[in-house]
Amino acid sequence: MTVSRRELLAGAALLLLVAVAAVRIAMVDRPPLRPLSVEGITIPSEPIAGGQTIVREAQWHSPSDVYVMGWSYRLGAPTTTLEMTLRHRDTVIFLGPRGLGTAQNPMLLPPGTGYRLPANEPLTLRVSVTNSGPAGETAGTEALVYFVPVQGN
């Protein structure tokens with residue numbers, strides 16, 4: 001029995017096809033990963049007197065429609081009582097720590113959900129700081145916003 005070169009190539013191609021099919025069937029189908037992006041919002045440090053309350057806001061504008069998925073934050077001075085919110089217009093998306101306690105940090109919305117932020121509309125970080133100690137600095141506050149583009153998701 002002799003095997004021609006043509007039959008040998010056809011057999012090799014068939015084995016390769018069977019191997020590719022077996023690997024493809026064995027692999028678990030997973031949805032593609034979404035391109036998660038992070039943007040920061042900062043409220044700078046400033047002097048604060050004992051017993052004084054300061055309310056500050058900073059905004060971020062997305063150039064395209066996005067789904068806000070979560071946030072994390074860094075608090076200012078530890079001797080202050082503060083309230084933090086991340087909001088769009090009158091809707092509070094995330095509520096940070098109130099008083100001297102802490103909230104879950106970072107905080108993410110449930111899987112498969114997100115808050116749709118239209119393009120060029122402000123996402124506002126609002127911080128109210130009350131100094132319960134001697135005069136000093138607020139030490140600033142930062143928030144990281146986690147989001148994905150609406151297009152393609």
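Please treat every number below as a calculation from the coordinates, not as lab data. Because the structure is predicted, anything quoted here is derived from the model rather than measured. Glycine also receives a Cβ, built like all others from the backbone with ideal geometry; neighbour counts cover every protein chain displayed.
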**Study point:** Cα-based helix-to-principal-axis angle, 5-26 vs the chain, degrees rounded to 10
**Key:** 30
Exercise for review: Would you pull out the residues with amide H under 5 Å of residue 48's amide H, same chain only if 5 or more places away, H placed 1.01 Å from N?
Suggested key: 136, 137, 138
Revision key, fill the gap. Among 62, 52, 133, the residue whose Cα sits farthest towards the positive end of the charge dipole of the chain (+1 at Cβ of Lys and Arg, -1 at Cβ of Asp and Glu, taken about the Cα centre) is 62
Check your understanding: For segment 37-149, what is the relative contact order in percent, using Cα pairs closer than 8 Å and at least 6 residues apart in sequence?
Key -> 51
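Between residue 23 and residue 53, what length in nm is gained on full extension when 0.36 nm per residue of separation is reduced by their alpha carbon distance?
Values: separation 30, 0.36 × 30 = 10.80 nm, distance 6.34 nm.
Contour length minus Cα-Cα distance gives 4.5 nm.
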Review point. What is the extension gain from residue 6 to residue 150, computed as 0.36 nm multiplied by their sequence separation minus the C-alpha to C-alpha distance, in nm to one decimal?
Key: 46.6 nm
Check your understanding: What Rg and what Dmax come out for the chain when only alpha-carbon atoms are used, in angstroms?
Key -> 26.6, 99
Exercise for review: Would you tally the net charge around residue 120, using a Cβ to Cβ cut-off of less than 15 Å, leaving residue 120 out, and scoring K and R as +1, D and E as -1?
Suggested key: -1
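Using 0.36 nm per residue of separation minus the Cα-Cα distance, give me the extension gain between residue 65 and residue 37 in nm, one decimal.
Result for the pair: 8.8 nm of gain on full extension.
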